[in-house]
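*Asks:* Starting off with a structure, shown below.
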Amino acid sequence: MLDRSISRRYRWKVQGRMAVLEYAAAHGMRPAAARFGLDRKTVRAWRSCLREAGTAGLVPRYPKRRRRRIPDQVVELIATLGASLAGVCLPDPLVAVARASGEGRSRNDLEDLR
């Protein structure tokens, strides 16, 4: 039975990890990793977390907030360009690429490439 202190959102994850570790205890680390499609290091890390902190150690530790991958300067530049190009009709990128490459394809032919 799982500890009630574990958040509901992670209970299925913890139960799955417990099942992997029970299988590993019965059959070994390598067969458990192969059976569940995991790396042996992952199973070993889960086992050490279980030994150190109990079932609470199997709760995933995701970052609270992931940092933005696009730099703030690029976001500001996009916003500035978007505001300055408001109302301007830009060509379809597929048509522009086809014209630049010298291929005389129609719009319907280009739709098939997507």
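Please treat every number below as a calculation from the coordinates, not as lab data. Model, not experiment: these values are computed from the prediction. Quick reminder, even Gly has a Cβ in these numbers, built from the backbone with ideal geometry, and neighbours come from all protein chains shown.
*Asks:* What whole-number distance in Å separates the alpha-carbon centres of the range 1-37 and the range 53-77?
*Replies:* Taking the Cα centre of each part, the range 1-37 and the range 53-77 sit 24 Å apart.
*Asks:* In addition: Can you tell me the Rg and Dmax of the range 8-58, counting just the alpha carbons, in angstroms?
*Replies:* So, for the range 8-58, Rg and Dmax equal 10.3, 30 Å respectively.
*Asks:* Continuing with the same structure: Quick check on packing: order 52-62, 71-81 by the mean number of other C-beta atoms within 10 Å, highest mean leading. Walk me through the intermediate numbers first.
*Replies:* Working: 52-62: 13.4, 71-81: 9.9.
In decreasing order of mean packing, 52-62, 71-81 become 52-62, 71-81.
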